[in-house]
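K.L.:
What follows is a single structure, and I will ask about it in a moment.
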Amino acid sequence: MSDPKPAGPAAERQLIDDWTSAAEIIGAVQQAVLTRVAEAGVPTQWVAVLRLLHDAPDQRLTMSEIARHLAMSSGGFTKLADRMARDGLIDRRGVSTDRRVVHAVLTERGRILAEECTRAYNEAVIGLVLSAISARELKALSRLAAQLNPVRDPDPANPDAFLIRPPSLASPERRGQGTGTATRV
């Protein structure tokens, strides 16, 4: 349960400062993680897509699922997918039963890069984050952040539309698998 609205301008200002500080610090650490992954040879704009597809069942997701996970517009993700397809990392495959549904699927080259990306990402998170806070503190931070999921829901008719789910909970067939890392980067 959340606290009541802060009483007074000073308390409100402190709340805004606390939020801004937390968001900036987490953003800066995430950028440091992405920089380490880029040093391993993976362009930062591909990291989230590669990690999502790497952890997905059959290493495939619909284009709309990926865009939703990345909080991107369909058009914005299509442009990114075009570049990744041009570089031989993903294939786009339609569904015979519904022409509107298109899956992004890792190619062999994409699978290899996704494995390298995932390894580099994991090493960077462990090296950077666990040098500053304990695994227990990170778990507590993750639980607190998960409470913000309802804030991101833009569609009351589809309450799960924008929830950031750990890969292990992304689909029923994957429950109990994975590490529980956040999917958005």
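The values are calculated or read from the model by the stated rules, or taken from the named source; none is laboratory data. From a predicted model like this one, the values you see are computed outputs, not experimental measurements. As a convention, Cβ positions derive from the backbone with ideal geometry for all residues, glycine included, and neighbour counts pool all protein chains shown. Please note that ligands, DNA and RNA were not included when accessible areas were found on the heavy atoms of the full protein model with its side chains. Shrake-Rupley method; radii C 1.70, N 1.55, O 1.52, S 1.80 Å.
K.L.:
For region 33-52, state whether one or more residues are over 16 Å from Arg109 (Cα atoms), over 18 Å from the mean Cα position of the chain (by Cα) and charged (D, E, K, R).
P.N.:
Within region 33-52, one or more residues are over 16 Å from Arg109 (Cα atoms), over 18 Å from the mean Cα position of the chain (by Cα) and charged (D, E, K, R).
K.L.:
What is the one condition in (1) farther than 19 Å from Leu34 by Cβ; (2) out of contact with any Ser or Thr (no Cβ under 7 Å at 6 or more places or on another chain); (3) of a type in the set (Gly, Ala, Ser) that Ala132 does not satisfy?
P.N.:
It is condition (1) that Ala132 fails.
K.L.:
Take the residues in region 50-98 that are open to solvent by 70 Å² or more (accessible area, probe 1.4 Å) and in a strand (DSSP E or B); name whichever of them is farthest from Thr118 (Cα to Cα).
P.N.:
Checked region 50-98; the qualifying residue farthest from Thr118 (Cα to Cα) is Arg93.
K.L.:
Next question, about the same structure. Taking region 126-153, which residues are surrounded by 14 or more Cβ atoms within 10 Å (Cβ to Cβ) and over 23 Å from Arg68 (Cβ atoms)?
P.N.:
Leu128, Val129, Leu138, Leu141, listed by residue number.
K.L.:
Also, quick follow-up: Just checking, does region 84-101 include any residue being among the aliphatic types (A, V, I, L, M) and closer than 24 Å to Asn149 by Cβ?
P.N.:
Checking region 84-101: not a single residue is among the aliphatic types (A, V, I, L, M) and closer than 24 Å to Asn149 by Cβ.
K.L.:
Okay, next question. State which residue is surrounded by the fewest Cβ atoms within 10 Å (Cβ to Cβ) when the search covers only region 1-49 and only residues that are aliphatic (A, V, I, L, M) and within 16 Å of Met84 (Cβ to Cβ).
P.N.:
Looking at the filtered set, the residue picked out is Ala38.
K.L.:
Checking the condition of a type in the set (Gly, Ala, Ser) and modelled with pLDDT of 95 or more, which residue from Ala132, Ala157, Ala145, Ala170 passes?
P.N.:
Checking each option against the conditions leaves just Ala132.
K.L.:
Just give me the residues in region 20-49 being part of a helix (DSSP H, G or I) and among the small types (Gly, Ala, Ser), in sequence order.
P.N.:
Listed by number, the residues that qualify are Ser21, Ala22, Ala23, Gly27, Ala28, Ala32, Ala38, Ala48.
K.L.:
Turning to a different aspect of this structure: Given Thr107, Thr179, which one is in contact with a strand residue (DSSP E or B) (Cβ under 6 Å, 6 or more places away or on another chain) and either modelled with pLDDT of 55 or more or more than 26 Å from Trp19 (Cα to Cα) (or both)?
P.N.:
Just one listed residue meets the conditions, Thr107.
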